[in-house]
Amino acid sequence: MGTSIARPLIAKRQIEIARKEKADAVCHGATGKGNDQVRFELTFYAMEPNIRIIAPWREWDFTSRDDLIDYAKKHGIEVPVTKKKPYSMDRNLMHISYEGGILEDPWSEPMENMFKTTVSPEKAPNKATYVEITFDKGVPVAIDGKKMSAFKIVDHLNKVGGKNGIGRVDIVENRFVGMKSRGVYETPGCTILHAAHRAVETLTLDREVMHIRDGLIPKVAELIYYGFWFSPEMKAIMALTDEIQSVVNGTARLKLYKGNCIVVGRKSKNSLYMKDFATFDTDTVYDQKDAGGFIRLNALRLRIRAMLEK
C-alpha cells in the first residue's frame, strides 16, 4: 500500500501549489496502464472539479519503457535504469516497489542485487534483535521507551528491519484498470509496525469491535488502492476507525530474526485480558458450570435442525 497511499498526498500538494500559483492545470508522469493515473486524478478532481490534467504517457507515441529509455539515450538524458535492469522503482518512507523487466514473468525469482533496503534472510544476523513499540490511540509514539515522531519511528524500523531481512513481499495484484501485474516490495518498517499494532489491538479491543475492524480492513485497503482517499465513504470509515483506535494504547515486544517478525510480548494499561478469568489453574471468578447452559442455548438452533432432519 506504500505507493497507493502516497498518491493522494502528492496530488493534494499539487492542487495546493496550483491554487497558490493560479495554475489551471496539473501534470503527472503515470503510465496509461497503471493504477497511479487513477489515484492522482481522482484526488485532483475531488479537490478541483474543473482542473485540467496533463498526462504525457497518454499523449506520447511511446508504448514501452524501452522506447522511453531509447529516447532518453538519444537526447543525452540520464536515467537510473537500463534495458538490462528496466525496473520501475517507487520509493517512499513506507516502502520501495519494483515492477517491470524480468519481474513481468511471475515465475522468475527477483535478482538479489535488485533489493535496496533489505538484506536477504539468509544473510541476516544470526542473533535476534528485540524491539518494543508503544502506541497511543493506535498511533506509534515510542521505540524502546524513547518517544519519537512517526517519521523517525518508521525510519528507524526500516533500518532495523532491513538489517534483519524483514518485509520482502512478492505478489501478483489486480489493477483497477482490469489487468494483473506482479510487484515486489520492500517494506521492513511497516511490516514491524503492523505486527506490533495488531498485538496491542488483541489486548485492548472488544471481540465484536475487532470483528467490525476486520471487516473494514479489505474495504479500506480497496479504497486506498483504487484512489478513493477523498471519498465520502472513506471519511465515514475513518471516523469509525478513530473511535475504534481510541483504546489502542500499549506496548508490543517483537523479535526480529532472519526475515521473521515475531510478537513475543504485549502489555496495556487498559487491557481487556484478565489472568484471573483466563487461567487454567484454580480460579474463583469463573464458574465452569455456567458453560453448560451457555453451550445449550447456542446449540438450540442446531438441535432443532437435527431433530427436523431425522
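Every number here is computed from the coordinates shown, using simple stated rules; none is lab data. Because the structure is a prediction, the values reported are computed rather than measured. Note that each Cβ is placed from the backbone with ideal geometry, even for glycine, and that neighbours are counted across all protein chains shown.
Of note:
- Note on the chain: with a GNM built from Cα contacts shorter than 10 Å, the maximum mean-square fluctuation among ALA124, ALA30, ALA299 falls on ALA299.
- Cα gyration tensor shape for segment 133-178, rounded if a/c is under 1.5, else prolate or oblate: oblate
- FRET efficiency for the GLU243 to LYS116 pair, using the beta carbon distance and R₀ = 45 Å, is estimated at 0.75.
- Per-residue [θ]222 nm for the chain (sum of -39500 (n - 2.57) over DSSP H runs n ≥ 4, rounded to 500): -13500 deg cm²/dmol
- Fluctuation leader among ILE102, ILE237, ILE77 - the chain, Gaussian network, Cα springs under 10 angstrom: ILE77
- Percent antiparallel among DSSP beta bridges (both partners in the chain, rounded to 5): 90
- Across segment 71-191, C-alpha contacts under 8 Å between residues 6 or more apart give a mean separation that, scaled by the residue count, equals a relative contact order of 27 percent.
- Between CYS27 and ILE54, the built amide H atoms are under 5 Å apart, and every one of these is 5 or more places off in sequence or on another chain.
- Ordered by the number of other Cβ atoms lying within 10 Å of each residue's own Cβ, fewest first, HIS95, HIS75, HIS28, HIS194 fall into the sequence HIS75, HIS194, HIS28, HIS95.
- Counting only Cβ charges, +1 for Lys and Arg and -1 for Asp and Glu, the dipole size of segment 150-223 around its Cα centre is about 260 debye.
- Net charge over other residues, Cβ less than 12 angstrom from the Cβ of LEU254 (K, R count +1; D, E count -1): +2
- Gain on full extension, evaluated as 0.36 nm per residue between VAL81 and VAL139 minus their Cα-Cα distance, stands at 17.2 nm.
- Length added when fully stretched, HIS194-ILE212, from 0.36 nm per residue minus Cα-Cα: 4.7 nm
- A simple spin-label model places pseudo-atoms 7 Å from Cα toward Cβ; at LYS146 and LEU9 they are separated by 2.3 nm.
- GNM flexibility winner over the chain from GLY227, GLY161, GLY29 (Cα, springs under 10 Å): GLY29
- The alpha carbons of the chain stretch over 82, 51, 50 Å along the principal axes, in descending order.
- Estimated vicinal HN-Hα couplings, Hz - segment 188-203 in sequence order (Karplus 6.51, -1.76, 1.60; Gly, Pro = x): x, x, 6, 5, 5, 4, 4, 5, 5, 4, 5, 5, 5, 4, 4, 7
- The local environment of ALA18, defined by Cβ-Cβ distances under 14 Å, has a net charge of +1 under the rule Lys, Arg +1 and Asp, Glu -1.
- The fewest-to-most ranking of PHE44, PHE151, PHE228 by surrounding Cβ atoms within 10 Å reads PHE151, PHE228, PHE44.
- Cα-projected label distance for ASN92 with VAL220, points at 7 Å along beta-carbon direction, nm: 1.6
- Likely footprinting exposure, SER246, SER181, fewest C-beta neighbours within 10 Å first: SER246, SER181
- From phi via Karplus (6.51, -1.76, 1.60), per-residue ³J(HN,Hα) for segment 60-77 in Hz, x at Gly/Pro: 5, 8, 5, 10, 7, 5, 4, 4, 5, 5, 4, 5, 4, 5, 4, 9, x, 9
- Across segment 293-305, coupling constants 3J(HN,Hα) worked out from phi with the 6.51/-1.76/1.60 Karplus curve, θ = phi - 60°, read x, 4, 5, 5, 5, 6, 8, 4, 5, 6, 5, 4, 4 Hz, and Gly and Pro carry x.
- Distance from segment 163-211 to segment 34-79 (C-alpha centre basis), Å: 29
- Rounded if a/c under 1.5, otherwise prolate or oblate - segment 1-81, Cα gyration tensor axes: prolate
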